[in-house]
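Engineer: Can you read through this structure? Questions will come right after.
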Amino acid sequence: MEEKQPYECTEITELNPTFLYTWKGTRDKLTFEEPFHCHEDHIEMAFVLSGEGRYRFEDGVFPIREGDLLIINPGVRHQALACPDVGVPATEFFVGFSGIRLDGLPENTLPVPGGGHVIHTGGELRQKLFKLCASMDTEKTACMPGRYFMLKAYLMQMLLLVLRDQYTPVTKAKGYSFESVNKKYIVEQMVSYFEDHYSEKISLDQIAENMYLSPFYLSKIFKGETGDTPIRHLINIRLEKARELLENGCEGSIQEIAASVGYDDAYHFSKLFKKHFGISPSQVRKKAGES
């Protein structure tokens, strides 16, 4: 998966897209290949709902799989290839539109990380795109009043989700925020926050919002620097703190110790503790009392 490069966007000068079409289809093994072509006046996005396949662009052939989002800007020649060798051919959801202008980019152009054609989505972004594609597909066939405007509204949500996942905003609002987009600094601040607030309810979504990054990108940064996920790191801190309490003769119940390190459910806490240390909290307490 290519690493997103932070893109400072001071302004979206125009995001009033003209919705053109949607199409959902499967690249059947027997389907005749479409010609190598381009769209001169509109953008096409294709989200892979399932399966796998390949696309040809002027700079090479690219594999695609479930969860991938293809961004095909105007003038980009492309071709969906027939893939008789794949087990499950790709099912794609296409959206065609025009009428957008983003700061620093030509009209009707969307950025793609690394300057390629495919965004390998994951986490929250992927799930939201699945839901939006399903909503658009349902709306297309419903023939209800205002169908065009509803489809346009879904399209705008899709665009903003993709842009927000790539951009690092310049302006910052109030809240527990971190003052740099440097990866090492971000991770250090997160670790410090976990150390100071491990006994509280901690939401990765809230931390990501305060840092102006997507939860998926934040997790990727953290794992890249530490080799562990933020949640797993937090769990390790909590369990180590709990063991310290038990070994130091804390007289509180297991329920109280669990609550003191951020767990409401003593059974869940005990299960995590034993899995991590290979011994139950009560056994640690007993050993500490015997020594």
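The values are calculated or read from the model by the stated rules, or taken from the named source; none is laboratory data. Note that the coordinates shown come from a computational prediction; the quantities given were computed from them, not determined experimentally. Cβ atoms come from the backbone with ideal geometry, glycine included; neighbour counts cover every protein chain shown. Ligands, DNA and RNA are stripped out before the accessible areas are found, and what is left, the full protein with its side chains, is counted by its heavy atoms. Shrake-Rupley method; radii C 1.70, N 1.55, O 1.52, S 1.80 Å.
Engineer: Might you check whether a residue that is open to solvent by 80 Å² or more (accessible area, probe 1.4 Å) and touching a helix residue (DSSP H, G or I) at 6+ places or on another chain (Cβ under 9 Å) occurs anywhere in region 129-137?
Structural biologist: First, pick out the residues of region 129-137 that are open to solvent by 80 Å² or more (accessible area, probe 1.4 Å): 131.
From what's left, touching a helix residue (DSSP H, G or I) at 6+ places or on another chain (Cβ under 9 Å): none.
No, the conditions are met nowhere in region 129-137.
Engineer: For region 92-128, how many residues meet the condition of being under 16 Å from F62 (Cα atoms) and either of a type outside the set (A, V, I, L, M) or not in a loop (DSSP other than H, G, I, E, B) (or both)?
Structural biologist: Of the residues in region 92-128, 10 are under 16 Å from F62 (Cα atoms) and either of a type outside the set (A, V, I, L, M) or not in a loop (DSSP other than H, G, I, E, B) (or both).
Engineer: If the requirement is being of a type in the set (F, W, Y), surrounded by fewer than 16 Cβ atoms within 10 Å (Cβ to Cβ) and at pLDDT 90 or above, which of these qualifies: Y154, Y148, Y198, Y176?
Structural biologist: Y148
Engineer: May I pose another question? Condition check: farther than 21 Å from E188 by Cα and either assigned to a helix (DSSP H, G or I) or in contact (Cβ under 8 Å) with a residue 24 or more places away in the chain (or both). Does G289 satisfy that?
Structural biologist: Against the criterion (farther than 21 Å from E188 by Cα and either assigned to a helix (DSSP H, G or I) or in contact (Cβ under 8 Å) with a residue 24 or more places away in the chain (or both)), G289 qualifies.
Engineer: Filter region 234-277 down to residues that are touching a residue at least 12 places away in the same chain (Cβ under 8 Å), among the aromatic types (F, W, Y) and assigned to a helix (DSSP H, G or I) and give me whichever is farthest from S199 (Cα to Cα).
Structural biologist: Here the residue is F277.
Engineer: Sort out which residues of region 34-67 are open to solvent by less than 70 Å² (accessible area, probe 1.4 Å), part of a loop (DSSP other than H, G, I, E, B) and not aromatic (F, W, Y), and write them in order of number.
Structural biologist: Those that are open to solvent by less than 70 Å² (accessible area, probe 1.4 Å), part of a loop (DSSP other than H, G, I, E, B) and not aromatic (F, W, Y): E34, C38, H39, H42, G51, G67.
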